[in-house]
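For reference, the structure is listed below as structure tokens.
The values are calculated or read from the model by the stated rules, or taken from the named source; none is laboratory data. Because the structure is predicted, anything quoted here is derived from the model rather than measured. So basically every Cβ, Gly included, is an ideal-geometry build from the backbone, and we count neighbours across all protein chains shown. Note: accessible area is taken over every heavy atom of the protein model, side chains too, but ligands, DNA and RNA are not part of it. Shrake-Rupley method; radii C 1.70, N 1.55, O 1.52, S 1.80 Å.
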Amino acid sequence: MTPFERKRVLYQSGFFILFVFAPVFDLLRFDLTQAHLIVFGQPWTLGLDDYLAGRINNTQMAVNILLRVIVPILLLAVTFLGIAWRWGRLYCGWMCPHFSVVDASLQMKRKASGKHSIWDKKPGPPWHPDGTPAPTDARYWLLVIPFALAFAFLWAVVLLTYLLPPAEVYANLFNLTLTRNQALFIGVGTGLLFLEFTLARHLFCRYACAAGMFQSLVWMTNRKAMVVGFQRDRARDCASCQSFCDHVCPMRLKPRNIKRLMFACTQCGQCIDACEIVQRDNPNGKLLSWIDGQKALEADGSQGLLASEPAADKPKAPSKPLDSATTST
């Protein structure tokens, strides 16, 4: 594990712990029994009861709505989408507790079958980017299934604690005295999440996650945003590589492609790490790197077509497979 990847795992782990314990310490949750938000241990209400009782007037109620609903939502939206506009889907690749689970299951699936997903058509290279063997062992499936089931159950329980008092949920769970609705929520949630963790994985992140889609849409509007850049003029240096940058991508993208084909990139940087390892003996260094600003703009403007899709007014070059590293970012 490279220092960059170690840092990302640290961020993922920290945010996952926060996700689990935030409702326990009343940092943030919506309590259905009290019908209002709880933020940092304090009730976050609009004062509707006071308004109906005549203790506050229309002006005070309007101020409450402005300060406790409109302003917080706008601040959160501007911050969240502002980060996405500048750096892309950082939340997905570095913080999302869902993505951290599927990222971990991905590694076990690769050890079990050589593939990141059951939807991959063929296994990846039988070695790691550093040249060490990457054998597969079907017995790892005995870990994949319990892992997915355990985290699906944990996710379902944690989600329930965001809606009901955590002390009540965990006590009922420990004493096996869950109410019918609690048991139904956890049971259905565990089943759906288990299927998603084992079957859908990156498909959910790419096509069904609203948070991810909004980040990608905003990121695409900024041509100067941070993106993985590919030194196209050095494409021949990729000849000795088995497209490790493609195989390590958790979203099953082609990192050397142009930006519009990297719509679901989570900025995890695994492709850059793989390239750096493969090219460690190359005096010119890696071919993939983070670029932004004018460099991103120039790359986006000068690489409007894939190398395998020449413009109509240019001679058609012999077609090569994508794995031959002829695409660009």
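Structure above, values below:
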read-out: P(r) histogram, all alpha-carbon pairs of region 175-260 included - 5 Å bins from 0, percent; value: 3, 10, 13, 16, 14, 11, 10, 7, 5, 4, 3, 2, 1, 0
read-out: Average Cα contact separation per residue, region 31-95, under 8 Å, 6 or more apart, as relative contact order %; value: 17
read-out: GNM top mover of P97, P135, P255 - the chain, alpha-carbon springs below 10 Å; value: P135
read-out: Segment T136-D292, length gained on full extension (0.36 nm per residue, minus Cα span); value: 52.4 nm
read-out: Cα-Cα P(r), the chain, percent of pairs per 20 Å interval; value: 25, 50, 21, 3
read-out: DSSP-assigned coil residues among trypsin sites (Lys or Arg not before Pro) in region 1-77, each with at most 12 further Cβ atoms within 10 Å; value: R55
read-out: Heavy-atom accessible area per residue - region 235-305, 1.4 Å, Å²; value: 44
read-out: Euclidean distance between Cα centres, region 1-59 to region 155-227, Å; value: 16
read-out: The chain - charge dipole about Cα centre, Lys and Arg +1 at Cβ, Asp and Glu -1, debye rounded to 20; value: 860
read-out: Apportionment of accessible area to carbon and sulfur, the chain, percent (1.4 Å); value: 67
read-out: Region 79-151: chymotrypsin sites (Phe, Trp or Tyr not before Pro) in DSSP loop, at most 16 other beta carbons within 10 Å; value: W119
read-out: Gain on full stretching of the segment that runs from L27 to I65 - 0.36 nm per residue minus C-alpha separation; value: 11.6 nm
read-out: Relative frequency of Cα-Cα separations exceeding 29 Å in region 6-152, percent; value: 43
read-out: All aspartates and glutamates inside 18 Å of K224 as judged from Cα atoms, apart from same-chain residues fewer than 8 positions distant; value: D292, E298, D300
read-out: Low-density loop cleavage sites - trypsin sites (Lys or Arg not before Pro) in region 97-181, where at most 15 other Cβ are within 10 Å (DSSP); value: K121
read-out: CD proxy at 222 nm, helix term only [per DSSP H run n ≥ 4: -39500 (n - 2.57); per residue of the chain; nearest 500]; value: -15000 deg cm²/dmol
